[in-house]
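To start, the structure under review is shown below, and the notes come after it.
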Amino acid sequence: MAVITHESTVSAFTWQDWTLITFVCCLTCTFAFTPPTLLALIFGYFIGWHAVLPVFLMNMVAIFLVNSITKRIDGDKFRGYLSDNKNVNNILENIRKEELKFIFFTKLSPILPFALTNFVFALSGAKLKNILIGGFFGMIPRTLLAVWTGSQAKEIRKLLENPNEGNIQKILIIVLIIVSVGGVMYYLLPKKTEV
């Protein structure tokens with residue numbers, strides 16, 4: 001990875017350099033070239049807690065771009081196609097009833113692919129406002145954890161080869177995954193209606 005071989009050069013970057021890198025990373029996240037959690041680790045390593053704002057900005061812009069591009073290309077054709085299948089339509093209805101909460105729990109997971117979930121939300125017809133709000137709040141814990149882990153690392157090579165080395169990080173990641181899966185399943189499964 002280029003960051004490892006050019007660590008001293010990257011360490012000398014100015015805030016203008018980091019601003020430009022943030023905008024470039026918005027595009028790489030949009031098109032699934034770079035996972036935001038990896039970028040949060042790298043940004044956290046090089047600029048510490050100052051990385052929080054650029055990483056959140058990067059995530060929100062990428063969510064917006066994925067949604068805009070998908071809606072422009074698809075025009076809700078795929079959602080219409082999915083709605084023809086009764087089982088899929090029932091799942092989509094369950095998601096729509098609690099859209100914001102479902103998006104929150106999906107974005108909470110550090111293992112679900114960022115660009116793919118944004119793409120699926122756009123295809124499913126989720127409201128952009130809910131995707132942005134749910135995405136923002138859902139990504140707070142995992143982003144802060146990644147920035148913190150990056151800021152605590154002593155060597156970039158060690159960080160990138162084993163980003164979850166500490167026990168606290170491992171426990172927090174497991175907790176995020178469990179809460180995320182539990183929340184997604186709760187809002188995805190059909191609810192029993194009282195008679």
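Relative to the globular-protein estimate of 2.2 N^0.38 Å, the Cα radius of gyration of segment 15-188 stands at 1.07.
Please sort through the DSSP H helices of the chain and keep those with an alpha-carbon extent of at least 18 Å along the long axis and a Kyte-Doolittle average not below 0.0. Can you show the working numbers first?
Numbers: long enough: 15-30 (22 Å, 0.94); 52-74 (33 Å, 1.34); 128-152 (34 Å, 0.82); 167-188 (31 Å, 1.91).
Span-like helices, by this rule, are 15-30, 52-74, 128-152, 167-188.
For segment 1-97, what does the equivalent ellipsoid look like in terms of its semi-axes, each the square root of 5 times an eigenvalue of the Cα gyration tensor, given largest first in whole Å? Mind showing how you got there, number by number?
Numbers: eigenvalues 277, 34, 27 Å².
Ellipsoid semi-axes (Å, largest first): 37, 13, 12.
Of all the stretches in the chain, which is the longest one without any exposed loop site, taking trypsin sites (Lys or Arg not before Pro) in a DSSP loop (any state but H, G, I, E, B) with at most 14 other Cβ atoms within 10 Å? Kindly include the intermediate steps, with their values, before the conclusion.
Numbers: sites that count: LYS154, LYS191, LYS192.
Looking at the chain, 1-153 is the longest stretch - no exposed trypsin sites (Lys or Arg not before Pro) with at most 14 other Cβ atoms within 10 Å.
Place a label point 7 angstrom from the Cα of TRP15 along the Cα-to-Cβ direction, then list the residues of segment 30-52 whose backbone nitrogen is under 13 Å away. Under 13 Å, as judged by backbone N against the label point of TRP15, lie 50-51 of segment 30-52. Close amide H partners of ALA153, meaning residues 5 or more places away or on another chain with modelled amide H under 5 Å apart, do not exist here.
Let me check against my output: what whole-number percent is the relative contact order of the chain, with C-alpha pairs under 8 Å and at least 6 apart?
Values: 236 pairs, mean separation 60.7, N = 195.
Rounded, it is 31 percent for the chain.
Between GLU155 and ILE174, residue separation times 0.36 nm minus the direct Cα-Cα distance comes to 4.4 nm.
Read-outs throughout are calculated quantities, based only on the coordinates presented, and are distinct from any laboratory measurement. The structure presented is a predicted model; accordingly, all values stated were derived computationally and were not measured. Quick reminder, even Gly has a Cβ in these numbers, built from the backbone with ideal geometry, and neighbours come from all protein chains shown.
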